[in-house]
Structures are given as C-alpha cells and as structure tokens.
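Asker: Provided herewith is a single structure, encoded as structure tokens, for subsequent inquiry.
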C-alpha cells in the first residue's frame with residue numbers, strides 16, 4: 001500500500017485490531033480458563049499488529065504476518081465452539097474451516113476465478129463475520145452460563 005492518508009488509517013486500524021484482540025484473549029482466558037483458545041486468539045492479534053506495522057509493500061514480512069493472522073483466526077473460530085451455544089458454535093466451526101480452506105487455496109495460487117483480491121476476501125470476510133458474531137456472544141457472556149472446558 002502507498003503512503004497516503006488512507007493507508008495510514010487502514011494500517012493503524014489493523015494494529016489497533018490486533019491490540020484489542022490480544023486484550024480480549026487475556027480477558028477471555030480470565031473468564032473461561034480456556035487456555036488454548038486464548039493462545040490462538042492472542043497469536044491472531046499479534047499477527048494483525050504485524051500486518052498493520054508491515055503493510056503490503058513490506059514484502060515477505062507482510063505475507064508472513066498475514067498468514068499468521070488468518071491461520072490463527074480460522075483456528076480460533078473453530079476452537080471457539082467450546083465457548084458458545086448451538087447453533088452459533090456450529091456456524092463458528094464452518095466459518096473457521098472456510099477461512100482455512102480459502103487460505104490454502106490462496107497460498108496454492110488457486111483463486112477460483114475471483115482473482116487475487118477476491119480470494120483474499122474469501123479469507124478475510126468469514127474471519128470478520130465470525131469475530132462480529134463471537135463478539136455479540138461475548139456481550140451476553142456470563143460465568144454462570146459458560147460452557148467452556150478447561151484445556
């Protein structure tokens with residue numbers, strides 16, 4: 001990305017997303033004691049911070065942080081099923097699998113006729129959709145209704 005004002009806003013927002021994700025992982029760990037999910041979510045946040053610090057024109061460093069972000073976002077979505085009730089727990093697993101499948105297809109250069117940018121969106125949109133839904137779930141979260149299992 002260039003060095004225009006919109007790239008500064010975008011990259012700053014990605015970094016902030018990462019910081020907030022790491023913070024959220026900490027509080028989820030304290031509330032649920034589900035260590036595996038918290039670690040996966042924290043790594044996702046660290047990856048997002050890296051993407052914000054190293055934009056697309058940073059080359060291989062950006063690619064590595066992007067891969068970390070989306071790999072662990074997909075895994076976080078899948079593992080979050082232990083923290084949720086049905087039917088969203090099943091929806092989270094499906095979204096996580098879609099993220100991981102799209103990531104594999106993207107890495108292999110298979111864009112399914114969508115082009116590179118379209119395939120990138122097939123990775124990002126399900127991850128963001130899960131994050132929004134999971135955030136909604138957390139708003140209604142209480143320790144008495146937790147279904148988390150210790151890991």
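Values in this text are rule-based calculations from the coordinates and carry no lab data. Because the structure is predicted, anything quoted here is derived from the model rather than measured. Cβ sites come from the backbone with ideal geometry, for glycine too, and all protein chains shown count toward neighbours.
Asker: Top mean-square fluctuation among 80, 32, 108, Gaussian network model of the chain, C-alpha springs under 10 Å?
Answerer: Comparing 80, 32, 108 in the GNM, the peak value goes to 108.
Asker: Just grab the label-to-label distance for residue 26 and residue 94, each label 7 Å out from Cα along the Cβ direction, in nm (one decimal).
Answerer: Here the modelled spin labels are 3.5 nm apart.
Asker: As a check on your grasp of the helix formula, calculate [θ] at 222 nm for the chain: sum -39500 (n - 2.57) over DSSP H runs of n ≥ 4, divide by the residue count, round to the nearest 500.
Answerer: Values: 5 runs with 112 residues, N = 151.
Here the helix-only value at 222 nm equals -26000 deg cm²/dmol.
Asker: Also: Under 8 Å for C-alpha pairs, at least 6 residues apart: give me the relative contact order for the chain, rounded to a whole percent. The partial results should precede the final answer.
Answerer: Working: 207 pairs, mean separation 35.0, N = 151.
23 percent.
Asker: What whole number of Å gives the distance from the Cα centroid of segment 94-126 to the Cα centroid of segment 1-57?
Answerer: 20 Å
Asker: What ranking do 46-57, 62-73 get when scored by the average of other Cβ atoms within 10 Å per residue, highest first? Show your work: numbers first, answer last.
Answerer: Values: 46-57: 19.2, 62-73: 20.8.
Per-residue Cβ counts within 10 Å, averaged per peptide and sorted highest first, yield 62-73, 46-57.
Asker: Could you check which residue among 76, 38, 12 shows the biggest mean-square fluctuation in a GNM of the chain with a 10 Å Cα cutoff?
Answerer: 12
Asker: Also, I was wondering about something else. For the chain, just the Cα atoms, rotate onto the principal axes and tell me the three extents in Å, largest first.
Answerer: 48, 31, 23
Asker: At what distance in nm do the modelled label points of residue 33 and residue 121 sit from each other, each positioned 7 Å from its Cα along Cα→Cβ?
Answerer: About 4.5 nm separates the two model spin labels.
Asker: Between residue 53 and residue 86, how many nm apart are label points set 7 Å from Cα along the C-beta direction?
Answerer: In this crude label model, residue 53 to residue 86 measures out at 4.3 nm.
Asker: Further, regarding this structure: Would you compute the Debye intensity of segment 31-86 from its alpha-carbon atoms alone, equal scatterers and no solvent, and pass along log10 I(q)/I(0) at q = 0.13, 0.14 Å⁻¹ to two decimals?
Answerer: For segment 31-86, the Cα-only Debye profile gives -0.36, -0.41.
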